[in-house]
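Here the structure comes first, spelled out in structure tokens, and everything after it is commentary.
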Amino acid sequence: MTSDPDAAAAGSSPVTGATSAVGGSGSANPDAELVDAMTMGGVPDEFQRLWTPHRMAYISAGREPMEKNCPFCAAPDKSDEDGLIVARGRTAYVLLNLFPYNSGHLLVCPYRHIATYDQATDEEVAEIGALTQRGMRVLRAVSRCDGFNLGMNQGAIAGAGVDAHLHQHIVPRWASDANFFPIIAKTKALPQMLGDVRRTVAEAWGN
């Protein structure tokens, strides 16, 4: 969530986005008043704050839980909404990345728990490829992206976050999406919530 200056002036909470207030028409206390964030504790400066609490799930978990409980084996047993699944094939499926580089960042995974591309069957390779192509077409239609990054990180040493289960990344890119956040702050600004992205892509997938 970005720290919007208008929201900050009204006392927007970085945690929930709710307006900080001791009352007002939307408060449980009708006699209370909105509090200007500039009068609250702290020293104001010229910086805006980008609050990304969802990243704590990744930071706090570390590698150990993912090694013991594979998220890509667990996802197909959930509902599409809970598993962030966009489409299900016969040997592979497509879901949103829970920690996206950009909005619409998709992953194509085989159902089988295999680690590297050379362990995939011919049928799995063909379906992963077909789902990747379909994912690109759908993302281009719904988000009007200008390009893509496609790739598989094979093994932890190569940068795979979940190195035990093969997955192909589909990252949509826009001409205007580059900024300083990823470089100096290790942060990505994401304009859409995951549930909204999943619904949009899933609805377009069937067209």
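Odds and ends about this structure:
- Charge sum, other residues only, whose C-beta stays under 13 Å from Met193's C-beta, Lys/Arg counted +1 and Asp/Glu -1: 0
- Karplus-derived 3J(HN,Hα), 6.51/-1.76/1.60, for each residue of the stretch 77-84, Hz, glycine and proline x: 7, 9, 5, 4, 5, 6, x, 6
- For Arg173, residues with placed amide H under 5 Å, excluding near neighbours: Asp146, Gly147, Phe148, Asn149
- Calculated FRET efficiency for the pair Gln133/Trp174, C-beta based, R₀ 25 Å, to 0.05: 0.80
- The phi-based Karplus calculation (6.51 cos²θ - 1.76 cosθ + 1.60; θ = phi - 60°) puts the 3J(HN,Hα) values of the stretch 195-206 at x, 5, 5, 4, 5, 5, 5, 4, 5, 6, 4, x Hz, whole numbers, x for Gly and Pro.
- Label-to-label distance for Met193 and Phe99 is 2.2 nm, based on points extended 7 Å past Cα in the beta-carbon direction.
Bear in mind these aren't lab numbers, they're just calculated from the coordinates by the rules spelled out. None of these values were measured; they are calculated from a predicted model. Please note: Cβ atoms are built from the backbone with ideal geometry, for glycine as well, and neighbour counts cover all protein chains shown.
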